[in-house]
Every structure is written in C-alpha cells, then in structure tokens.
Amino acid sequence: MSYVEFQNVTKIYRSGEVEIPALKGTDFIVEKGEFCVIVGASGAGKTTILNILGGMDSLTDGKVFLDGVEISAFDKKQLTKYRRFDIGFVFQFYNLVQNLTALENVELAAQLSENPLSPEDVLRGVGLEGRMANFPAQLSGGEQQRVAIARALVKNPKLLLCDEPTGALDYTTGKAVLKLLYDTCREKGMTVIVITHNSAITAMADRIITVKSGRVEKMYRNENPADISEIEW
Amino acid sequence: MDENRDRWEMAAQDAADGRFERLYTDAEKEISDARDEFEEKKADGEKELADAEKELEDGKKELDDAEKELADGKKELDDAEKELKENKEKLDDAADQLADGKRELDEAKSKLDSGKKTLDASGKEIEEGQKKLDETDRQLKEAKSELDENEKILAESEKELDAGKAELDENEKKLDAAKATLDESEKELSGAKATLDETEKQLTDAKQQLDATGQQLDAAKATLDEKGKELESAKAVLDATEKELAAAKETLDASGKELEAAKTVLDDKGNELAAAKAALDASEKELAAAKAELDASEGELAAAKAQLDAMEAMLADLSTKTDEESIARYHALLAQYEAAKSQYDAGKARYDAGKAQYDAGKAQYNAGKAQYDAGKAEYDAGKAQYETGVAQYEAGKAQYEAGKAQYEAGKAQYEDGMAQYDAGVAEYEAGKQQYEAGVAQYESGKAQYDAGKAQYEAGKAQYDAGKAEYETGRSQFEEGKAQYETGKAQYDAGKKQFDEGKSQYEAGKKQYEEAAAQFEAGKRQYEQGVAEYERGLAEYRSGKSQYDDNLKKYQDGRREFEEGQQKFEDAKVEYDEGVLEYEDGLRKYQDGLRDYEEGKETFDREIVDAETKLSDAEAELADLKEPDTYVLERNTNIAYSCFESDSEIVAQIAKVFPVFFILVAVLVCMTTMTRMAEEQRGQIGVLKGLGYSENDIIRTFMVYSGSAAVLGCVFGFSVGIFLFPAVIWHAYKIMYIKLPLLWIFSWKLALAVLLVSILCSAGTTYMSIRSELKEPAASLLRPRAPKAGKRIFLEYIPFIWSRMKFMHKISARNIFRYKKRFFMMVIGISGCTALLLTGFGINDSIASFAETQYGEIQVADADLVFKEGKGGELPEDVAEKLLETGASYMPYHGSTWDLLAGSQVKSVNLIAPYDTEQLDSFFRLRDTDGGELALPAEGEALISVSIAERYHLSAGDTMRLRNEDMKSMTVRVTGIFENHVYNYVILTPETIAAVTGEADANGAYVNFAEGEDVYQAQTALAACDNVTTVMLFKDFMVRLTKMMSSLNLIVIVVILSAAGLALVVLYNLTNINILERIREIATIKVLGFYRNETAEYVFRENMVLTLFGVIAGLGLGILLHRFVIKQIVVDMVYFNITIRPLSFLWSVLLTFAFTLLVNQFMSFRIDKINMAESLKSVE
C-alpha cells in the first residue's frame, strides 16, 4: 500500500435540490518522501481533494488512506486529531494570526503537537532567525509564507499540504518558497503535496497528478526532476 | 391640635344636631305628605279601574260587529278571484298565439334580409366578374402578340449559335495540337532544369564549402598572424629579459667579488683590531701595576711626610727650650729630621718620576684605546655595510633566479607556441592549397553550369513565347466558348421562357373561356333570385300588418285584465287590513282585560304596602336618636398612609430608573447597530459603488432602524402602559381594598418615549454607518482586514508575562486588540452587574429596614397607649396589670408636634422618656456609626436620622417645634440617632412641660416576661379601662415587611433588564468579533484545534472582559444603589443603605452565567464556520 491513496473517491455537494459532483471517482497514490504536484484548472476538483486529504471535509463515496490508516472512516473528532497530528497545511494567503509574532504563530502550532520540533529551530531553518519577534504585518509576503511553512513543519507532520503556496507571491519569492519546500522534502524526507494551477511547477516534482473535471486525467512519475532554478513561468 | 379638635368636634356636633333637626322635620313632613298623596292616589285608582271596565265592554261589542263584516267581505273576494283566474287563462292563450306569430314573422324577416344580402353580394360579384373577364381578354391578346414576336427572335438566335459552334470546334482542334507541342518542350525543359538545379545546388554547396573553408582559412590565418605577432613580441620580451638577466648576473657577480674583497679587508681589520686589543689589554695591566706601585709609594711618602711633620713640630717645640738636653735633643732630632727629609725628598722625586712615567703610559694607553675604538667602530660599520651588501646580493640573486626561471618558462612556452605556430602555418598552407584547387574546380564547374544555364534559358524563353502564344489562343478560344455558352444559355432560357409563356397563355385562354361561361350562368341565377326576393318581401309585409292588429287587440285585453286584477288586489289588501285590525283589536281588548285585572291586584297590594310603610316610617321617626360625632383624620387610617407611602416609593423609583434604562437602551442600540453596520458592510459597499450618495445610504439604514424604533415603541408602550400598572396594582390588591385602577394615557409621555427610542436607534445607526462610509467602496466590498498585531503593555512586565501560559498570552493580546469593543464590553457588563447589584440592594434595603428597626432599635415588645397618668406614673390599673404579668416597662410622654423648618411644616413624634436608665432595653439610641449617644438635657433634643437628612439638621443646630395648641419651643439638637420608621424627636419631659405646663406619661414601652404569650398579654392589657391601644412591634414589623414586598417586582424588572443588557451586548460584540476573525478561526480549526479549544480561544476574552466588567460593575452598583435609595424618599420610612454580601455574590454569579450562556450559544456559530473559509482569497 502506498503512503497516500485515493480509491475511487466521489464527492457530491448538495445545495437544496441541486447536486454538484466535485469528484467523480478519483484514484491516485503518492509515495512516502515524494514531492507531488497536483495540477489542474480551477474547478477541476483540486481544492476538494485538498479538503478531503486535509481532513477538512468528508467524502461521499470511496476510500482515502494515509500511512495505512483509513481517513475516510474518521468521525469529526478523529478528523480533528488527524489535522492536529498528521497534517501540515500551507495556505495560499498564509493565514497567519495577525495578533501573534512570527515565533508565536509557530508556537501556536507547536503546542498542539505531541512531538513538536523547536519553533526557534524551525524558523531558523526557513531563514527567519532575524524576524522572529515581528508581527505578520511587518513581514513581506515571502516571509509570511515562510512563517506559514514553519508553522506547518513544527508539528512534525506526516504530510505537508500546500494550497497554491506561490499564488500570492511574485516570481522570485515564489521560487524561493518552492525551493524551501523542495529542500524540506529532500532533506527531511517529508512527503509534500503541492496543489496548483501552475503547470510549470510540475517540472520539479517527483510525481505529477493532473486533475480534470473531477477525475485524475494523468498520473506519472518524473524520474529526472528539474532544478527549481531552471523552471520558468 | 386639641383646641382644634374640640372646635372641630363642637362644630361637628352642632352641624350634626342641626342636620338631625332638619332631617326630623323633613321626615315628619314627608310622612304626612305621603299619607295625603296616598289617599288621593287611592281614590284616583278606584275611579280609573271603573272607567277601564266600561271601556272594555264597549270594545267587546265593536269587535263582534267587525267579525260579521269581515265574513261578508271574504265571500265577495273569493268570487272576484275566480273570475280573474278565468280571464287570465284567456289572455295567456292569446299571448302564446301572438308570440308564435311574432316568431314566424321574425324568421321570415331574417330570411329575407339574408337573401337580400346574398343578392347584393352576388350583384357586386357579377359586376367584378365582368370587369375581370374584360381585362383578361385584353391581357390574352397582348400576350399572343408578344409570343409571336419572341418566336421569330428565337429562330434567328438559333441560327447564329450553330455558326458559332462550328467555328469554336475548329479552333479547339488547333489549340490542342499546339498544346501537345508545348508539353513536349516543357518536359525537355524541366529535365534540363532539374539537371541545372542539381548542378547549381552542387555548385552552391561547393561554394559554401569553399567559402567556409576560405573563412576558416582566413580565421586560421588571422589567428596565425596574431600568434606570430604574439610570438614575436614574446620573443622580444624574452630577448630583453635575457639581456636584463645577463646584466643582472654581471652586476651580481661584481657585487659578489666586491663583497669578498670587503670580507678580506674586514677580516684583516678584525685581526688588527684583535692585536691592538691584546696590546691595549697588556698596557692596561701594566698601567694598573704601575698605579698600584705608585699608590704604595704615595702611602709611604705620606707616612714619611707625617713623620717629618711630627719631627718639625717637635723641633719647633724644642727650639723654644733653652736647656741643654733640649738643645741636644733638638740638634739630634734636627739631624734625624734632615736625614729623613732628604730621604723623603729623594722618595718624593722618585715617586714624582714614577708618576710622570705612569701618566705618560696612561696617556699613551688612552690614545691607543681611542685609536682602537675608532677602528672598532669603523670595522662595525664596515661589517654592517657588508652584511646589508650580502643580503642585497642574496635578494638580487633570488630575484635573478626567479627571473631566470620565469624566463626559462617563458622561453619554453614561446618555443611551444612557436612549434604550434609552425604546425599551424603548415596546416594553413596545406589547407590553402586544397582550397585553391577546390576554387579552380568550382570555377570550371561554374563555367560549365553557366553555359548550360544560358542554353536552358534560351530554350525556356522559346518555350515561354510558345506558351504565351498558346495561352492567348487558348484564352481567346475560352472567351469565344464562354460567349457561345452564355449565348446558348441565354437562348435556352429564352426558349424555355417562351415555351412557358406560351403554355401559360393557352391555360389562361382556356381559363378565360370557362370563366366566361360560368359568369353567364351566375348572372342568370342572380336575376331569378332577385325576382324571388321581391315576392317574399310583399308576403312578409302583409303578414306583419295582420300581426300588428292582433297585438293591439291583445294589449287592450291585457290592460283591462290588469285593471280588474288591481281592483281585486286592493280589495284583498283592504280585507287583510280589516282582518289584521280586527285581530289587533281583539288582542288589545284581551291585553286591556289582563292589564285591568293586574292593575286591580297591584292596586290592592300597593295600598296595603303603602299603609304599612307609612306606619313604619312614623314609628321609625318616633324612635330616632340624637347623633354623636367623631372627628377622624385621614392619616389616622393606617391603610391610607401605608398606601400613600407605598405609591410614593413607586413614584420615586419611576423617576430614577428611566434614566438607567435609557442608558441601557443606548448601549444595546449602539452595539446592535454597530453589528448591523459590520454585517451589512458589503451591502453598503455595493450601494456606494453603484453611486448612491452617502446620505441616501445612511437614510436607508436610518429608516430601517427608525421604523424598528417606532414599531418597538408602539408595541412597548401599549404593552408597558397596561402591563406594569396592572402588575403593580395586582400586588397592591393583596394588601389593600380592591380599588379600581385608573388608566391614564399621556401623550407627552408617549411622545417622549418615541423620541428617545428614535434617537437611540437612528442616532446610533447614523454614527455606525457614517464611520463605515468613510472607507472607499472598494475596501468596503472586502471583509474588514484583521487588525495588525501589536505588543501590549503587559509584555513589558516580564514578571507577569513570562509566567503566563501561551494561550493566555494570545487572549491578553486579543483583549487589547480592539479598544472600542473592549470598552463597550466592559461598560455593558459593568452596567449589568451594577443593575443586578442595585436590584438586589434595593431588595435588601427594603426588606431589612423593618427588621433593623424592631430587632435592633425599638427592641421593646409592645407600645402601650393609655389615658394620661400622673407625672411619670402609669394609671393604677395598668400598672397593676403589668406587674401581674411580670412585664417590665418604661413610661414616656408622647405627642405629635410640628417641626417648623423654614416654610415647611413637618409633623414629628416627640418622645419624652421618664425612666431613662432603662431606656436602652426598650429604645436603643445609637448614632449612625453605632456609637452611644448621651441623653439630652433640658432644652436639648436628639433627632432621628430621617429628620436630620431631610431638614439638613446636624448636632449643634437649633430647631423650632410647635404643638397643636400653637405653643412653640426652640431646642438644640445634640445628636442624631439611627431610626428607620417614623420621625422621632427625643427630649426630656421637663423640656415639654416648660412649654405646655405638663407632660404626663401617656404611653409606655413594654417588655413582656420571658415565655409569656404576647398576644394573650396584649389582650389582657387591652382589657384595662385606661388602656387606649396596645400595639405589638412584631405585628408592625410583619405588616411593614409585607407592605414593601410589592417592591420585589421592581427588583425583578431590574434583574430582567440587566440580563437583557448583558445578553444583547455580549451577543452583539461576540458576533462582531467572530465576523471579523472568521478566517483566523477557520485557520486554527484547520490547524487541528479541538472544538472546545477553538471555543476557548474565542471566549476566553469574553470571560476576562466579564471579570473586568464585574469588578467595575460592583463599584458602580454600590454607587447606583446608594443613589437610588437616596432618591426614594418616603415620609415615614428611612431605608438602610447596606447591601448584603449574598447580593454581591449573586450579582457576580448571574453576570458570569449570562456570559456563559452567550458563549454557549455562540459556540454553535463557531461550529458552523466552514474550514474552507481559510482557503478563500482575502480580496
């Protein structure tokens, strides 16, 4: 069994009488330690995959496994625990708590975990040793996203989920953030799943999953991932 | 008062007596009048009865006559009715016949009309048909001539076309032959072209190759040349370096030689110097020895000199002596001296010579030494010079070696370069040769190609010319062909058109003929129809005139019948009226009969009653007693005074509370409207973006909140104005008689309430929307950005900050994050707590004052009032009774005086205790701080705190009192004592006696014996003749407490409004808080906060703010309670200002309970926040 598995996952949103299928039998796997990119146009079902994999939403049918555990069978409380201990989440718009400093934002996540890393170390690891005492409003976009990554990493999660991590960043900063994610994957053996509509990023991934109208259109391994500095978009 | 009372009593007695007299005479007269009237009425009644009887009999006869008349009428009517019915039948038959005739006529008429219409239509059609036929005929004729002409044209065209066709066929054949020739030439040419192209391509390739090679060669040449130049310059450099190196070598060698020479010189000099040094050292040693010798000689010489000096002295001494011995001795000594002297002189000379010799030696040594030192210095300098020379030489040598190595390397490099260059040159030469051969080859190929090309081009030109010729021929042919084709097509089309036209013409002709035939038939038919119609019309007209005659006859008959019927109806009505009249008369007669009988009976009974009544009245009047009078004041009615003070309390509270409720309403409206503004933010943005003016937007919202205010006001006013008085009245009814409740509607009050409501809601709306509108529309459309984080002051106190838990730190920051909300929350919560505390406090004050009064101040069991005793003594029977029961007592004089304070007059109770020693066990006089008070002396008084406060009296002031006999006194206040019920002034009996002459005891405070039943004792005492009243304080306490319990209602209202305030404010503010932080909350949910952790994250702030609010509210509540109690001024009662600890506890607990309730409610809302919110864009 693979590290992450989606088995024939269906998700139907109901609003009143109307049924909107967001996922129509999605299958894919991700192996441990891979840098995986899920790519697709908006409305393709990326976000639904993310919501389900991130334990933020339930599914209508099918099974989802992480590290041999069936997430799709979890109840609300178990899902919360799952989010708390197994998932590190990186948002497009960073979602830092404005009223907490960089360090405190990371500590906020650290105190949730059973075996957290040292917040200071993690922040140092993302290159923010000099900005720990700053509030988010005093940080640039790239720095905020680094704090967000640190916040995700400090929990020592099984899976790092990133939702358009470069979406709100300029080209150079975006690249630097991608590099950080990539290095994290390589150096710590972290399984990283990046969700994006930017297909240029696929070049650096180990595994590429293309989603189209609720289905996996293509999934393949990239044996020779390109260096980030070579990617252009 | 007594004087007044007597006067009043007297006046009352007089009035009563007068009234009695008046009443008595009035009654007597009334009775005799009544009797007269009675007699008169009796006679009248009897006469009336007799008249009635006669009238009844007359009526009866009249009725019988009428009955007979009616029977006759009835028969006549029946006959008439039968006749009428027969006539009616006849008329109906005639009517039916007429109707049939009419219908037939109508049908005939309609048939005729439709026939006419059809005929007219046919006539018109026939005319049109004729016209159409004529037209068609003309058209047909025209068409025929046209057709004939066209036929001719077509025949000509056909001939022309055939000629054209033959020509075209010939031309085509010629063109085809030319084409074949051209094609052959073309094939040949294209073969040639292909060959040429290939050759050209080969040539081009070759050329390219050659060019490339040439370029390469040129590049190589350039490189080589450059390298050659480089090598040459390198060579030059190398040569120069070599020369330099040789020069350097020479210089070095020379320096080396020089250095060696210098070395030898230096060595020689060193040797010399060493020798000189040795010589010098030897001389020095010699000199030292000589010096030592000289020094020894000098010592000897000095000793000798001393001896000589001693001898000389002795000689001088002896020379003075003249004795022989002395002279002898002198001479001997002289000789001795002379010898010694000479010896000494010789020694001296010898020494001096030695000394000179030594000095010379020494000088010689010093010179030698100087010489040596100079030599030495010179040598050292030389040596140093030599060493630097050597170093310089070594450096130069190293430099030289390095240069040499460099030179060698350069040389090797140069040689390599040279070899490479040579190889390159050779290669280049070979390449060049090859290139040139290639060029030659290319040139020959090119020439060949050019020749071929020229040949090809000539062929091509020829071909092109042929081709062009062919093309023109061809196009000419095509043109002709096209011309022919169009002509043909034109001809065909024309032919077809002609054929069509012809067939059309023929069809038209046939159609025309058919139509003409048809037209004739139709015309004939029409003429027949016209004749028929004329006939029918004549027939109809005769039928119609016959019908009209019949109709007229029928109508006459009908009118006659109706007149008969009318007459019959009138007779019938008359008869019915007669019947009715008869029945009416009968009924009236019967009623009259009954009335008469009843009247008779009543008359008899009334006569009897009146007679008894009259005699009763006479008896009563005889029994009437003279009246007694009592004068009672209104205030003596305890229910009245209780009711008065009770309603006074409500009135006072009603003055204070609206102010607080308005404040509460403002706070509630403010938070609600702020929340509305937050929630409608997007809407406001949209409106603003669409271009609505700010005033329009503000108006929209103000109309909304204003209408809410108006509706709420109408509802609240109409409910409140009925509900609250009704409830309070209901509470009163428990204690008081069932007074009717008077509803009063006050327009002023209603308007004031409305105004306040609108101000509260619309005003706060205006302010909130205004502040929202200050932002530009674009930012309004986005959710409000969360406030940036900030450090708070607490962080600068590491003592506290470092001890706080992480999550607590977050809450601390959040609390101070939104200052406005912080203050609104604290104000709202503190208001809630303050209101609760005030409510409970009022309850405490009201509930406890009676207990305090009778448990702590007037501690006696009962108050006894009796007819005056003598001095300080009780009346005997009372005293005996008290002794009997074992009760203790303290007599006092009590009376009611007026306190004159400015223009105000106030009734107060004066108590002058006789047995002051035991006063404390009946009436404890303590000041407001609980301290003991000294009893007043004569001319002094203690007053209760209520008097002091109301008339601003304090110890040391004087006050004037006046009694009911208008005697007044001025006393000095010496103390103020705590007292809650009634207004007491305590003074000595002497003080009163000084004014009134006497102040006998008229009351006593009583303490019954232990274990005695107080009610039995009360009853026993009340039995004494001299006792006026016995009042148990315990009863009084219970009654007072019960009376005040109606105020509990006010407490409930206060608590409810406090709850409302807390709930609304908390709900609104928490809602705004959540609204603003929805992303943040969604994010922490995604991070994996548990449900309760998320709730705590948001609600911990509420709890802390509630704590702040509660602390502020307790302080505020104490003040508010004090203020409210001060406002409730009731004449007889002075309330406690104390609040019980339990009330504090309840206020705090309830406030927290409200917070928890809101938190619980809002946690559902937090549950509903979708985690997907965290993924949403911020824009």
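The values are calculated or read from the model by the stated rules, or taken from the named source; none is laboratory data. Being a predicted model, the structure only gives us computed values, none of them experimental. Cβ coordinates were reconstructed from backbone atoms using ideal geometry, including for glycine residues, and neighbour counts include every protein chain displayed.
Examine region A:200-208 for a residue that is part of a helix (DSSP H, G or I), touching a strand residue (DSSP E or B) at 6+ places or on another chain (Cβ under 6 Å) and closer than 9 Å to residue A:37 by Cα, and state whether such a residue exists.
Here is the first cut: in region A:200-208, the ones part of a helix (DSSP H, G or I) are A:200-204.
Now drop any that are not touching a strand residue (DSSP E or B) at 6+ places or on another chain (Cβ under 6 Å), which leaves A:201-202.
The next check asks that each one be closer than 9 Å to residue A:37 by Cα; those that pass are A:201-202.
Yes, region A:200-208 has at least one match.
Exactly one condition in (1) surrounded by fewer than 13 Cβ atoms within 10 Å (Cβ to Cβ); (2) within 30 Å of residue B:517 (Cα to Cα) is false for residue B:140; which is it?
Among (1) surrounded by fewer than 13 Cβ atoms within 10 Å (Cβ to Cβ); (2) within 30 Å of residue B:517 (Cα to Cα), the lone unmet condition for residue B:140 is (1).
Residue-by-condition table, conditions (1) at pLDDT 85 or above; (2) in a strand (DSSP E or B); (3) farther than 16 Å from residue B:1005 by Cβ:
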site	(1), (2), (3)
B:860	yes, no, no
B:871	no, no, yes
B:881	no, no, no
B:889	yes, yes, no
B:900	no, yes, yes
B:906	no, yes, yes
B:910	yes, yes, no
B:918	no, no, no
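On the basis of being more than 24 Å from residue B:1074 (Cβ to Cβ) and over 20 Å from the mean Cα position of the chain (by Cα), does residue B:1135 make the cut? Reasoning before the result, please.
Details: more than 24 Å from residue B:1074 (Cβ to Cβ): yes; over 20 Å from the mean Cα position of the chain (by Cα): yes.
Yes: the conditions hold for residue B:1135.
Is there a residue being at pLDDT below 90, among the charged types (D, E, K, R), buried (at least 20 other Cβ atoms within 10 Å of the Cβ) and under 27 Å from residue B:678 (Cα atoms) anywhere in region B:1057-1076?
No, every residue in region B:1057-1076 fails to be at pLDDT below 90, among the charged types (D, E, K, R), buried (at least 20 other Cβ atoms within 10 Å of the Cβ) and under 27 Å from residue B:678 (Cα atoms).
May I ask you to list the residues in region B:532-585 that are of a type in the set (Val, Ile, Thr) and either exposed (fewer than 11 other Cβ atoms within 10 Å of the Cβ) or closer than 21 Å to residue B:89 by Cα (or both)? Break it down stepwise before answering.
First pass over region B:532-585, keeping only residues of a type in the set (Val, Ile, Thr): B:573, B:579.
Scanning region B:532-585 gives a single hit, B:573.
Could you run through region A:43-71 and say how many residues are crowded, with 18+ Cβ neighbours inside 10 Å and more than 13 Å from chain B (Cβ to nearest Cβ)? Steps first, please.
Going through region A:43-71, the residues crowded, with 18+ Cβ neighbours inside 10 Å turn out to be A:44-57, A:59, A:64-66, A:71.
Next, only the ones that are more than 13 Å from chain B (Cβ to nearest Cβ) stay: A:44-45, A:59, A:64-66, A:71.
Looking only at that region, the number is 7.
Mind listing just one residue for me: the one in region A:96-107 that is within 7 Å of another protein chain (Cβ to nearest Cβ) and touching a Leu at 6+ places or on another chain (Cβ under 9 Å) and, of those, surrounded by the most Cβ atoms within 10 Å (Cβ to Cβ)?
A:97
Count, please, the residues in region B:465-481 that happen to be exposed (fewer than 15 other Cβ atoms within 10 Å of the Cβ) and farther than 18 Å from residue B:173 by Cβ.
Here the count works out to 2.
Just one of (1) surrounded by 15 or more Cβ atoms within 10 Å (Cβ to Cβ); (2) part of a loop (DSSP other than H, G, I, E, B); (3) more than 10 Å from chain B (Cβ to nearest Cβ) trips up residue A:25, so point out which.
Evaluating residue A:25 over (1) surrounded by 15 or more Cβ atoms within 10 Å (Cβ to Cβ); (2) part of a loop (DSSP other than H, G, I, E, B); (3) more than 10 Å from chain B (Cβ to nearest Cβ) leaves (2) as the failure.
Can you say whether residue A:40 is among the small types (Gly, Ala, Ser), over 14 Å from the mean Cα position of the chain (by Cα) and surrounded by 14 or more Cβ atoms within 10 Å (Cβ to Cβ), as far as the supplied structure shows? Explain how you work it out, then say what you get.
Numbers: among the small types (Gly, Ala, Ser): yes; over 14 Å from the mean Cα position of the chain (by Cα): yes; surrounded by 14 or more Cβ atoms within 10 Å (Cβ to Cβ): yes.
The answer is yes for residue A:40.
Please indicate, with yes or no, whether at least one residue in region B:819-828 is surrounded by fewer than 14 Cβ atoms within 10 Å (Cβ to Cβ) and of a type in the set (Phe, Trp, Tyr).
Of all residues in region B:819-828, those surrounded by fewer than 14 Cβ atoms within 10 Å (Cβ to Cβ) come to B:819-820, B:823.
Within this subset, residues satisfying the condition of being of a type in the set (Phe, Trp, Tyr) are B:823.
Yes, region B:819-828 contains at least one residue that is surrounded by fewer than 14 Cβ atoms within 10 Å (Cβ to Cβ) and of a type in the set (Phe, Trp, Tyr).
Consider residue A:99 against the criteria (1) farther than 18 Å from residue A:149 by Cβ; (2) in a helix (DSSP H, G or I): it satisfies all of them except one. Which criterion is unmet?
(2)
If you go through region A:153-164 one residue at a time, do you hit one that is within 13 Å of chain B (Cβ to nearest Cβ), under 20 Å from residue B:814 (Cβ atoms), not β-branched (Val, Ile, Thr) and not in a helix (DSSP H, G or I)?
no
Is region B:1158-1175 home to any residue that is farther than 21 Å from residue B:679 by Cα and surrounded by fewer than 20 Cβ atoms within 10 Å (Cβ to Cβ)?
Yes, there is a match, as at least one residue in region B:1158-1175 is farther than 21 Å from residue B:679 by Cα and surrounded by fewer than 20 Cβ atoms within 10 Å (Cβ to Cβ).
So that you can scan it fast, the table gives a plain yes or no per residue for (1) over 30 Å from residue B:849 (Cβ atoms); (2) among the aromatic types (Phe, Trp, Tyr); (3) within 13 Å of chain A (Cβ to nearest Cβ):
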site: B:1085; (1), (2), (3): yes, no, yes
site: B:1090; (1), (2), (3): yes, yes, yes
site: B:1120; (1), (2), (3): no, no, no
site: B:1124; (1), (2), (3): no, no, no
site: B:1127; (1), (2), (3): no, no, no
site: B:1150; (1), (2), (3): no, no, no
site: B:1165; (1), (2), (3): yes, no, no
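When you go through (1) in contact with a strand residue (DSSP E or B) (Cβ under 7 Å, 6 or more places away or on another chain); (2) at positive phi; (3) of a type in the set (S, T, N, Q) one by one for residue A:95, which number turns out not to apply?
Status for residue A:95: all satisfied but (1).
Considering only residues that are surrounded by 16 or more Cβ atoms within 10 Å (Cβ to Cβ) and not in a loop (DSSP other than H, G, I, E, B), which ones fall in region B:997-1024?
B:1003, B:1004, B:1005, B:1006, B:1007, B:1014, B:1017, B:1018, B:1020, B:1021
Are there any pairs, at least 6 apart or on different chains, whose C-beta atoms fall under 7 Å, with the first in region B:942-963 and more than 17 Å from residue B:894 (Cβ to Cβ) and the second buried (at least 22 other Cβ atoms within 10 Å of the Cβ) and among the hydroxyl-bearing types (Ser, Thr, Tyr), and if so, which?
Hits for this filter: B:945/B:1134; B:946/B:1134.
Could you list, in sequence order, all residues of region A:108-139 that are within 13 Å of chain B (Cβ to nearest Cβ), in contact (Cβ under 8 Å) with a residue 24 or more places away in the chain and outside any helix (DSSP H, G or I)?
Within region A:108-139, the subset within 13 Å of chain B (Cβ to nearest Cβ) is A:108-114, A:116, A:119, A:133-139.
When the remaining residues are screened for being in contact (Cβ under 8 Å) with a residue 24 or more places away in the chain, the result is A:108-110, A:112-114, A:116, A:119, A:133-137, A:139.
Result: A:112, A:113, A:114, A:116, A:133, A:134, A:135, A:139.
Going by the structure shown, is residue B:515 over 30 Å from residue B:102 (Cα atoms) and exposed (fewer than 12 other Cβ atoms within 10 Å of the Cβ)?
Values: over 30 Å from residue B:102 (Cα atoms): yes; exposed (fewer than 12 other Cβ atoms within 10 Å of the Cβ): no.
For residue B:515, the condition - over 30 Å from residue B:102 (Cα atoms) and exposed (fewer than 12 other Cβ atoms within 10 Å of the Cβ) - is not met.
Can you confirm whether region A:165-175 contains a residue that is surrounded by fewer than 19 Cβ atoms within 10 Å (Cβ to Cβ) and either within 11 Å of chain B (Cβ to nearest Cβ) or closer than 23 Å to residue A:71 by Cα (or both)? Step through it out loud before you land on a result.
Initial filter on region A:165-175 (surrounded by fewer than 19 Cβ atoms within 10 Å (Cβ to Cβ)): A:167, A:170-173.
When the remaining residues are screened for being either within 11 Å of chain B (Cβ to nearest Cβ) or closer than 23 Å to residue A:71 by Cα (or both), the result is A:167.
Yes, region A:165-175 has at least one match.
Suppose we filter region A:34-60 for residues that are acidic (Asp, Glu) and in contact with a helix residue (DSSP H, G or I) (Cβ under 7 Å, 6 or more places away or on another chain); how many remain?
Here is the first cut: in region A:34-60, the residues acidic (Asp, Glu) are A:34, A:57.
Next, from what is left, pick out any that are in contact with a helix residue (DSSP H, G or I) (Cβ under 7 Å, 6 or more places away or on another chain): A:57.
Selection size over region A:34-60: 1.
Does any residue of region B:270-279 turn out to be closer than 30 Å to residue B:395 by Cα and either modelled with pLDDT of 85 or more or not acidic (Asp, Glu) (or both)? Walk me through how you get there before you give the answer.
So in region B:270-279, the residues closer than 30 Å to residue B:395 by Cα come out as B:270-271.
Cutting the leftovers down to either modelled with pLDDT of 85 or more or not acidic (Asp, Glu) (or both) gives us B:270-271.
Checked region B:270-279: at least one residue is closer than 30 Å to residue B:395 by Cα and either modelled with pLDDT of 85 or more or not acidic (Asp, Glu) (or both).
Mind listing just one residue for me: the one in region B:789-816 that is at the interface with another protein chain (Cβ under 9 Å from one of its Cβ atoms), without any contact (Cβ under 8 Å) to a residue 60 or more places away in the chain and part of a helix (DSSP H, G or I) and, of those, surrounded by the most Cβ atoms within 10 Å (Cβ to Cβ)? So that I can check it myself, show each step before the final result.
Within region B:789-816, the subset at the interface with another protein chain (Cβ under 9 Å from one of its Cβ atoms) is B:789-791, B:806-807, B:809-810, B:813-814.
Still in the list and also without any contact (Cβ under 8 Å) to a residue 60 or more places away in the chain: B:789-791, B:806, B:809, B:813.
Next cut, part of a helix (DSSP H, G or I) only: B:806, B:809, B:813.
Working: B:806: 12, B:809: 18, B:813: 23.
For region B:789-816, the residue satisfying everything is B:813.
Going by the structure shown, is residue A:87 touching a Lys or Arg at 6+ places or on another chain (Cβ under 6 Å), of a type outside the set (Gly, Ala, Ser) and modelled with pLDDT of 90 or more?
Details: touching a Lys or Arg at 6+ places or on another chain (Cβ under 6 Å): no; of a type outside the set (Gly, Ala, Ser): yes; modelled with pLDDT of 90 or more: yes.
When the stated conditions are applied, residue A:87 does not pass them.
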